[in-house]
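Reading through the structure tokens given below for one structure.
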Ligand code: CA
């Protein structure tokens, strides 16, 4: 299956040249010219690679990359016009997988694209090997609470419990951080995502629902305990 590339470049002639050359190399290409369209298209298309110009109207490439980094692991090659931006581009803030400084040759770009996609393919193959070597029914056990990760099933005292998707994600998040104090804000950011429109009461509501399903006495919880000073701790 041909790999899909999203090109984000506001300069029409460069956008056209990039799309043309990538298509000629056998890739499926979609091209957009501003930051907002970049986000929308990336979410819909789930491309294998994103070529992202830094200076864009509406929302710049830094902002686009920051948001996408939280939502997907797609490789990003940044296009920058200034050498002094490179530190930010490859730094923690943006974490681009690669970058090119304008002007660049099309040959150079295609080589970088090829290298990046090859790297992605190797990572994917590695991950699928890991998945194959895992037991078919991976489960987490906390006393009378059992979580079947393969089937996304939760049983409590042998009774299957219907968890809403967010309740299930929240439970897994707690399980991954067993024994740690987790602030509402941290939980909100990690389980709901930073751009979620809502506040930390969302966390309280879901914890309450979850307690009703996995605590023996949800008004005196021993599994998900409230920590004074603003958070929760999963005791297992
Ligand atoms: Ca630009």
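So which residues in segment 8-56 are within 14 Å of the ligand (Cβ to nearest atom), crowded, with 22+ Cβ neighbours inside 10 Å and closer than 21 Å to residue 88 by Cβ?
8, 9, 35, 38, 51, 52, 53, 54, 56
In segment 187-236, which residues are buried (at least 18 other Cβ atoms within 10 Å of the Cβ), touching a residue at least 24 places away in the same chain (Cβ under 8 Å) and either not in a helix (DSSP H, G or I) or not assigned by TED's automatic domain parsing to the domain that holds residue 153 (or both)?
223, 224, 231, 232, 234
Return the residues of segment 74-95 that are modelled with pLDDT of 85 or more and within 16 Å of the ligand (Cβ to nearest atom); say none if nothing qualifies.
Passing the criteria: 76, 77, 78, 79, 80, 81.
For residue 98, are the conditions met, namely being away from the ligand (no atom under 15 Å from the Cβ) and exposed (fewer than 14 other Cβ atoms within 10 Å of the Cβ)?
In short, no.
Considering each residue of segment 173-186, count those that are outside any loop (DSSP other than H, G, I, E, B) and either in contact with a strand residue (DSSP E or B) (Cβ under 7 Å, 6 or more places away or on another chain) or touching a residue at least 60 places away in the same chain (Cβ under 8 Å) (or both), and give that number.
Qualifying residue count for the region: 6.
Are there any strands (runs of 3 or more DSSP E) wholly within segment 15-88 with 1 or more residues that are within 21 Å of residue 110 (Cβ to Cβ) and under 17 Å from the mean Cα position of the chain (by Cα), and if so which?
Result: 49-53, 75-80.
Restricting segment 161-191 to residues that are over 22 Å from residue 151 (Cα atoms) and under 17 Å from the mean Cα position of the chain (by Cα), which is modelled with the highest pLDDT?
This residue is 187.
Under 26 Å from residue 66 (Cα atoms), under 18 Å from the mean Cα position of the chain (by Cα) and modelled with pLDDT under 90 - does that describe any residue in segment 100-116?
no
I'm checking my understanding of the structure. Among residues of segment 57-73 that are in contact (Cβ under 8 Å) with a residue 40 or more places away in the chain and surrounded by 17 or more Cβ atoms within 10 Å (Cβ to Cβ), which one is farthest from the ligand (Cβ to nearest atom)?
Of everything passing the filter in segment 57-73, 67 is farthest from the ligand (Cβ to nearest atom).
The values are calculated or read from the model by the stated rules, or taken from the named source; none is laboratory data. If you're wondering where the values come from, they're calculated on a predicted model, not measured in any experiment. As a convention, Cβ positions derive from the backbone with ideal geometry for all residues, glycine included, and neighbour counts pool all protein chains shown.
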